[in-house]
Amino acid sequence: MADPALPLNDIPAAVRLRGVTKVYDNGTVALGPLDLDIRKGEFVSLLGSSGCGKSTALRLIAGLIAPSAGTVDVAARSSDHPIGFVFQEPTLMPWSTIRENVRLPLKLAHVPDAQSTARVNEVLAQVGLADFAEAYPRELSGGMKMRASLARALVTEPDILLMDEPFAALDEITRFRLNNDLLALWRELGKTVIFVTHSVFESVYLSQRVVVMTSRPGRVSAECRIESAEPRDDAFRTSMAYAGYCRDVSQALMQASDEMANAAKARA
Amino acid sequence: MKGLEPLPAVDRGSVLPGSDMQWQRIVWPVVVFIAGIVLWDLVVRIGEIPPYLLPGPLLVFQTLIADWSILSESLGVTLLTALEGFIAAAVGGIALALLFNQSKWLEYSLLPYAIVLQVTPVIAIAPLMLIYLPQQTAVVVCAWIVAFFPVLANTTLGLNSVDRNLAGLFQLYRASRWQVLRYLKLPAALPFILGGLRIAGGLSLIGAVAAEIAAGAAGAGSGLAYRILESSYRLNIPRMFAALLLLSVAGIVIYMLLALVSHGLLRRWHESALRKEK
């Protein structure tokens with residue numbers, strides 16, 4: 001995790017976006033211009049309303065789509081540890097066991113099974129799925145599938161973990177549990193995490209920094225630092241500090257929404 | 001590394017409860033079959049219909065036993081033709097679909113002609129095939145023409161139905177074209193391919209019979225279709241029925257065998273092969 005004791009500017013950037021725009025083939029301007037810096041080891045949430053371009057930004061960082069303009073610099077792309085990506089859906093191969101799903105990135109990197117098995121077992125144990133390695137995805141609950149998806153993203157020991165509303169479809173209790181698990185893994189592994197969500201509460205609970213985005217086309221409207229004591233736990237969820245941060249972030253989100261509404265009126 | 005607390009184990013066997021209603025899938029068709037036979041027999045007896053118009057079920061069964069040596073030989077010929085047509089359709093349909101998937105240029109060039117083959121009635125093509133090709137080859141080609149399009153269409157659909165996020169994941173991990181095909185597209189397309197093969201199994205038999213009828217009319221032949229034609233010329237209607245019965249049973253067995261293969265390959269993961277939750 002990013003060392004809070006260090007001044008932010010002293011921590012090297014893991015991701016740098018400059019003047020990034022994305023226009024889809026149908027003419028929809030989804031994003032931009034977007035400027036964003038994310039530092040190594042930082043846990044950042046991109047927060048905004050549905051359709052504001054958060055997921056587009058994440059896919060641009062992953063290299064799954066190309067920007068229409070601007071530059072996307074991702075330090076991890078040149079390293080041996082590719083980016084880990086967790087989708088909104090578990091996105092598991094239904095024809096493979098959980099072990100083979102988790103092994104997939106290593107298989108694609110031509111790592112022989114004999115060499116990858118220990119790493120696969122290790123990461124399955126990390127997400128609490130050691131006993132479910134031979135199960136098929138349909139045999140697991142929604143939360144367990146998400147854990148498997150997280151294990152697959154972690155198996156290559158990526159420098160950056162990109163998460164696209166991974167817990168949005170889960171019930172509240174499961175989501176709280178997975179939030180805690182994710183924070184525990186982040187503290188333990190020290191990865192850079194970029195987490196897309198439309199939940200104010202989730203973004204405040206998880207992040208060191210919340211980047212609030214405007215509606216389409218998505219731009220950075222505000223940034224809120226969440227300077228809370230670590231580790232965060234259920235006590236933090238019920239604290240005054242948490243409520244205060246949620247209020248601030250909510251206001252920033254409303255302001256972002258108002259900005260866009262005013263801009264639309266002005267254009268009209 | 002410490003990691004997270006392991007999740008409590010669950011009894012995965014309980015996810016798929018056994019179905020005590022399975023027997024109904026066997027009993028009801030059998031009941032309908034017996035009722036049909038009884039009705040058929042009653043119609044023949046009460047109406048005193050002569051055997052050269054409509055033989056009773058008992059006479060058909062007796063003919064089947066008496067003519068078994070002739071009919072079984074013909075059945076073997078027809079089944080071999082259907083099998084050859086089916087294998088050619090399976091290999092050709094899947095291979096062509098893979099080529100289409102790898103090259104849009106090829107798909108645009110060849111798909112219209114595949115559709116032409118599909119929409120042209122085989123009974124109209126068969127006489128031409130019998131002129132240009134040796135008889136047995138022509139019959140197999142006809143079986144192939146009828147059976148290959150469902151395999152091609154289903155495989156193409158399957159290969160194009162890959163989950164977009166999974167495709168993105170393979171892109172993220174810089175998978176090669178071969179890896180995408182082997183680990184993603186082919187497994188994802190498997191239920192579609194098997195669906196196409198199930199249709200193709202029956203169609204290859206139909207194609208073989210249609211071509212045999214054309215060949216039988218043109219010259220020598222010894223398949224079941226030829227026996228049906230020969231029996232109709234001789235007004236040996238009981239043998240005609242016996243041959244038809246064998247064809248129907250062969251079609252059902254082909255379908256069941258392919259359904260069994262499909263179930264075996266999909267039973268662990270695909271919705272179509274899973275038992276319904278109660």
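One table, with the values for the structure above:
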| item | result |
| --- | --- |
| Residues B:ALA124 and B:GLN171, FRET efficiency given R0 of 45 Å [Cβ-Cβ distance, rounded to 0.05] | 0.45 |
| Shielding score for A:84-96, defined as the mean number of other chain Cβ atoms within 10 Å | 5 |
| Violating pairs (Cα-Cα greater than 27 angstrom) within the set A:LYS54/A:LYS265; A:LYS107/A:LYS191; A:LYS22/B:LYS185 | A:LYS22/B:LYS185 |
| When the stretch A:139-250 is reduced to its Cα atoms, the Kirkwood hydrodynamic radius in Å | 15.0 Å |
| Total charge dipole magnitude, chain A, about the Cα centre, Cβ charges on Lys, Arg, Asp, Glu only, Debye to nearest 20 | 640 debye |
| Calculated from backbone phi, Karplus (6.51, -1.76, 1.60) coupling profile of the stretch A:233-248 in Hz, x at Gly/Pro | 8, 5, 5, 5, 4, 9, 7, 5, 4, 4, 4, x, 4, 4, 5, 4 |
| Residue-averaged beta-carbon neighbours from other chains (10 angstrom radius) around B:176-184 | 2 |
| DSSP loop chymotrypsin sites (Phe, Trp or Tyr not before Pro) with at most 13 other Cβ within 10 Å excluded, longest remaining stretch of chain B | B:53-278 |
| Cα-only Debye scattering, the stretch B:70-267: base-10 log of I(q)/I(0) at q = 0.10, 0.12, 0.16 Å⁻¹ | -0.48, -0.65, -0.98 |
| Summed side-chain charge close to B:ALA143 - residues other than B:ALA143 whose Cβ falls under 10 Å, Lys, Arg +1, Asp, Glu -1 | -2 |
| Dmax and Rg, reported as Rg then Dmax, of the stretch A:93-157 (C-alpha, Å) | 10.5, 30 |
| Cα-based convex hull, the protein assembly as shown, per residue volume (Å³, whole number) | 223 Å³ |
| Formal net charge of residues neighbouring A:GLY143 (Cβ-Cβ distance under 10 Å; K, R +1; D, E -1) | +2 |
| Principal-axis tilt of helix B:104-119 within chain B, Cα atoms, nearest 10 degrees | 20 degrees |
| Nearest-0.05 FRET efficiency for B:LEU117 and B:ILE70, computed from C-beta distance (R0 35 Å) | 0.55 |
| Under 5 Å, built H, 5+ apart or other chain: amide partners of A:LEU31 | A:LYS22, A:GLY218 |
| Cα centroid separation - the stretch B:133-178 against the stretch A:173-226, whole Å | 43 Å |
| Cβ-derived FRET efficiency at R0 60 Å, A:ASN121 paired with B:VAL249, nearest 0.05 | 0.70 |
| Where GluC sites (Glu not before Pro) in DSSP loops with at most 11 other Cβ within 10 Å are excluded, longest remaining stretch of chain B | B:49-276 |
| Charge dipole of the stretch A:93-157 about the Cα centre (unit charges at C-beta), most positive-ward option of A:HIS110, A:ALA125, A:PRO94 | A:PRO94 |
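Each reported figure results from applying straightforward, stated rules to the coordinates on display, with no laboratory input. All figures in this text were calculated on a predicted structure; none of them were measured in a lab. Glycine gets a Cβ as well: all are built from the backbone with ideal geometry, and neighbour counts include every protein chain shown.
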